[in-house]
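Scroll down for the structure; my scribbles are underneath it.
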């Protein structure tokens, strides 16, 4: 080949392939830089020792110290975690039942349920927010159901609603890939419906239930729009507090808490990924990306 | 299964589905219905947000003749441009992830797209506020290397909102496109190349039509929440980057005119539902078109 002065077609192909490979690398590096830029910035600025978040005054851990000692911030994070746990439990319970039903029944009701859940998915959050607020006022003030005047109850309800469709569709997707004959076999072997559900259906759906619960928890931790609408004094969740400081001026403390919350979210993700891998149920990325 | 047993199963499943139905109705659809009902009412006085003693379409008329229309077009432009940019960046990137990158890296790459997506939406947007600040580090750096002469003036403009929405919704384009590309057939691509198609031709006539459902799903996943976005324009937009979400929120919060706000909410909702239906129709037409123009006449086989 070296004797040939003209480049062979294989060589031109190779050159072209190299060019494309370089282009792909530029694209990949560019997109990942873009995706991570603001997160890296928040983490770096959480070590800002100044009084204002955006004005860098030198490296230090003052923001972390102030964040963990600030009572308002501590309360906000506490409210977020409590409402996240409750909303995740509720959404996962409802979503598991819904997902199994949707995967196992073919009636017009199942279709309608799918349609309604799909509508909740495409409804912009701001519309959820402006519709649930008057309803809470109606229930709590006009109908005197005092339960709905409790800020925590309100947060748990709206966070459950936000996560419900996601969990349901995740469980449904998993169960649709499982052979119904296994559950029928359990019934034929005289398992009661409850035992069949607990001992056969639930273990089959487990990866999606865990991924769904985690998803519901993060959706709850992140929920800002609906939460700020329904929030009541004394029950300010962390994102609502953070959103409030955007208008009044942010301090480095908020970046410190955000960085800690980021570690919490990623830790939860990693935990579920490990558990899924151990139980041999496939990896988290595919479970999440496929839903 | 015996009919009795089947009946029993069905009854138990009807009973089981009660909680989810109850939740959907009581906490999502009745509230939506109430807001729909408010949209036909009016604001009776300074201290009352809504009354339905007289029903009319006046609030819809009021909404479609005021500044709402201008803001709506503004939002639509941001939404369409944002979706187009997400396609432009997300499609080749997802193709690289699913087809070109080494298979053993794919899990890691998906995780690296999921991490920003799972980070708080609000926190990410605040990150951009720091980056784009006129006296922030990026602005100072660009001035130091004399790339620009004054501080960057992007924050609190429409450009900042545009950047913010592309950033916030890009993973929603990448992930479904990745799944779609991963399911396409490498053998078909190779066949197309062997038959003389170039790189781009093979992509546009073989791979992309296969991944069409993913593209449409991704576009809707980006476009729909983008149209109702409230956080991004609030954090990055200021007065010049207003979007409809903020405008209808104002009617419920500061203006206390629930009737007008409700009408705005349902104009937005109606627009979104029509868009979803239109995209569905486009998809079916496109697919039928592709199938029609590429009919295979296997005469001997039939």
Three principal axis extents, largest first, for the C-alpha atoms of the protein assembly as shown, in Å? 91, 82, 51
For chain A, just run the numbers: alpha carbon Rg, then divide by 2.2 N^0.38 Å, N being how many residues it has. 1.31
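If I stretch the segment between residue B:271 and residue B:255 completely, what's the gain in nm (0.36 nm per residue apart, minus their alpha carbon distance), one decimal? Write down the numbers at each step before the final one.
Numbers: separation 16, 0.36 × 16 = 5.76 nm, distance 2.38 nm.
Answer, rounded to one decimal: 3.4 nm.
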In nm, to one decimal, how far is the residue B:146 label point from the residue A:70 one, both placed 7 Å along Cα→Cβ? 4.2
In whole percent, what relative contact order does the stretch B:143-238 give with Cα contacts below 8 Å and a gap of six or more residues? 46
Given a 10 angstrom Cα cut-off, can you work out which residue in A:264, A:23, A:202 is the most mobile in a GNM of chain A? A:23
Given 0.36 nm per residue, what is the gain on full extension from residue B:22 to residue B:37 after removing their alpha carbon distance, in nm? 3.3 nm
Extending each Cα 7 Å along its Cβ direction at residue B:87 and residue A:194, get the distance between those two points in nm, one decimal. 5.4
Chain A - percent relative contact order, Cα under 8 Å, separation 6 or more: 28
Counting each DSSP H run of 4 or more residues in the protein assembly as shown as -39500 (n - 2.57), what helix-only mean residue ellipticity at 222 nm follows after dividing by all residues, to the nearest 500 deg cm²/dmol? -23000 deg cm²/dmol
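What FRET efficiency would be calculated for the residue pair residue A:55, residue A:260, taking the C-beta separation as r and a Förster radius of 22 Å, to the nearest 0.05? Mind dumping the intermediate values first?
Working: r = 22 Å, r/R0 = 0.99.
That gives a FRET efficiency of 0.50.
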When Cβ neighbours within 10 Å are restricted to other protein chains, what is their mean count per residue of peptide A:37-48? 5
Shape descriptors of the stretch B:54-293 over alpha-carbon atoms, Rg and Dmax in angstrom, are 21.4, 71
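Using Cβ contacts closer than 10 Å as the measure, can you line up A:198, A:174, A:104 from fewest to most?
Details: A:198 12, A:174 25, A:104 17.
Ascending number of Cβ neighbours within 10 Å: A:198, A:104, A:174.
Please compute the average number of Cβ atoms from other chains found within 10 Å of each residue's Cβ in peptide A:113-124. Mind showing how you got there, number by number?
Details: counts 4, 0, 0, 6, 3, 1, 8, 5, 3, 10, 10, 14.
Mean partner shielding for this stretch: 5.
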Relative packing of B:176-185, B:98-107, which averages over residues the other C-beta atoms within 10 Å, highest first: B:176-185, B:98-107
Go ahead and set up a Gaussian network model of chain A, Cα springs under 10 Å, then flag whichever of A:143, A:91, A:213 fluctuates most. A:143
Beyond 17 Å, what percent of the Cα pairs of the stretch B:213-291 remain? 56
In whole angstrom, note down how far apart the Cα centers of the stretch B:222-295 and the stretch B:93-116 are. 30
Over the stretch A:136-215, the quotient of the Cα radius of gyration and 2.2 N^0.38 Å is 1.58
Most mobile of A:129, A:28, A:163 in a GNM of chain A (Cα contacts under 10 Å): A:28
What average count of beta carbons from other chains do you get within 10 Å of the Cβ of residues in A:221-234? 3
Using only alpha carbon pairs under 8 Å that are at least six residues apart, calculate the relative contact order of the stretch B:54-293 and give it in whole percent. 28
Show me the three semi-axes of the equivalent ellipsoid for the stretch B:28-100, from the C-alpha gyration tensor (sqrt of 5 times each eigenvalue), largest first, rounded to whole Å. 42, 17, 9
Once you treat every alpha carbon in the stretch B:65-152 as an equal point and sum by Debye, what is log10 I(q)/I(0) at q = 0.12 Å⁻¹? -0.70
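Could you put A:261, B:173 in order, starting from the residue whose Cβ has the fewest other Cβ atoms within 10 Å?
Lowest count first: A:261, B:173.
None of the figures in this text is laboratory data; all of them are computed from the coordinates on show. Because the structure is a prediction, the values reported are computed rather than measured. Methodologically, a virtual Cβ is constructed for each residue, glycine included, from the backbone with ideal geometry; neighbour enumeration extends over all protein chains shown.
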